[in-house]
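One structure below.
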Amino acid sequence: MRVLHFSDIHISLGLAEIPLFDWPGKRMAGGVNFLRGRGRRFKGALRKLGRLAEFAETDSVDLVIFSGDFTAMGTNAEFAAAREAIQPFVDSRAEFVCVPGNHDLYTRRVVRRGRFEKHFGDLLTSDVEDAPVDGPWPLVRLLGDDVAVIGLNSARPNPVPWKSSGRIPDAQIAALRSLAGRPELEDRFVFLVTHYAPRLADGSPDTRLHGLENADAFLEACAGFDRGAILCGHVHRTYRVRVPGVGPEIFCAGSATMHELEGFWLFDAGADGLAATRGHWTGDDYDLHPSEG
Ligand SMILES: [Fe+2]
Ligand SMILES: [Fe+2]
């Protein structure tokens, strides 16, 4: 099965295009900073996503996995634009699985109004009905005869502007542990997907202000899966790293659309295991680095 994993597209519309009533409350200052600073590097995101959908079609992708941060501030306008931009992937022959990023659950108000669920809720289904214990999480998708995806939500609002850390709720970690023994997942290669990276490229944990609070508990639960891969984003760099004692390797997709850092992963996964190839943006198109698995 051919799998495209991408992340952190951060669709933003510019300050002038956000209706006043749609401002996400307290985090406005942080949002303005994002749009004026890093946000500028996502200006070509919509055009690039169109090209990525063409790439997926041409390369016969069977499954698309998105690991969060559709938007910059979680406004309705951004969510609508992001949904429209990923619709070609949803409408294609490939399956589409996604989890939210911290920018999609940006403020308590965004969460209270259920904006992520409003725009992406129809995609949060689970093939193992009793798997979800925390809203739709963890969701489990069984694909073909030999692949499965488990999606976990590690994102939450961070009311303090300088903090952007995440945490997978304990109930989801416990559910993940019990999924490791389920017959439905036996003999399948399992993609374990969440927004936050449990380790950085050099194998060290991310910082307390930016990382996954319970990364060790998550990795311990992932170690229960013999054949699998941990897919994440949040860190806008494309990398792979192994953690001693944890079978599934970590693949961070980085950002598919951030100017000069655009990257993603393309996998061939099945009963035999996983072959990974790194993808990049050429300036007009997306292409693969066959030598950089
Ligand atoms: Fe991000
Ligand atoms: Fe993020």
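Please treat every number below as a calculation from the coordinates, not as lab data. A quick note: this is a predicted structure, and the numbers were derived from the prediction, not measured. Note that we place each Cβ from the backbone using ideal geometry, even for glycine, and neighbour counts take in every protein chain shown.
Points to keep in mind about this one:
- Alpha-carbon centroid distance for the pair region 250-268 / region 84-102, whole angstrom: 16
- Three-way shape call for region 157-293 based on the alpha-carbon gyration tensor, with the a/c threshold at 1.5: oblate
- Within straight-line cross-link reach of Lys48, aspartates and glutamates at Cα separation under 13 Å, skipping those fewer than 8 residues along the same chain: Asp8, Glu260, Glu262, Asp284, Asp285, Asp287
- The modelled label-to-label distance between Glu260 and Arg38, using points 7 Å beyond Cα along the C-beta direction, is 1.6 nm.
- Overall form of region 30-120 per C-alpha gyration tensor (a/c, 1.5; a/b vs b/c): oblate
- Integer Hz, Karplus 6.51/-1.76/1.60 couplings in order for region 189-198, x for Gly and Pro: 7, 10, 8, 9, 10, 8, 6, 7, 7, x
- Charge context of Ala175, other residues only, Cβ under 12 angstrom, K/R +1, D/E -1: -1
- Dipole moment magnitude, nearest 20 debye, the chain about Cα centre, only Lys, Arg, Asp, Glu C-beta charged: 1640
- The modelled label-to-label distance between Ala77 and Thr207, using points 7 Å beyond Cα along the C-beta direction, is 3.1 nm.
- A simple spin-label model places pseudo-atoms 7 Å from Cα toward Cβ; at Asp91 and Asp170 they are separated by 4.6 nm.
- Estimated from the Cβ-Cβ distance and a Förster radius of 41 angstrom, the FRET efficiency linking Glu117 and Ser291 is about 0.50.
- Gaussian network model of the chain, springs between alpha carbon atoms under 10 Å - residue of Gly44, Gly263, Gly283 with greatest fluctuation: Gly283
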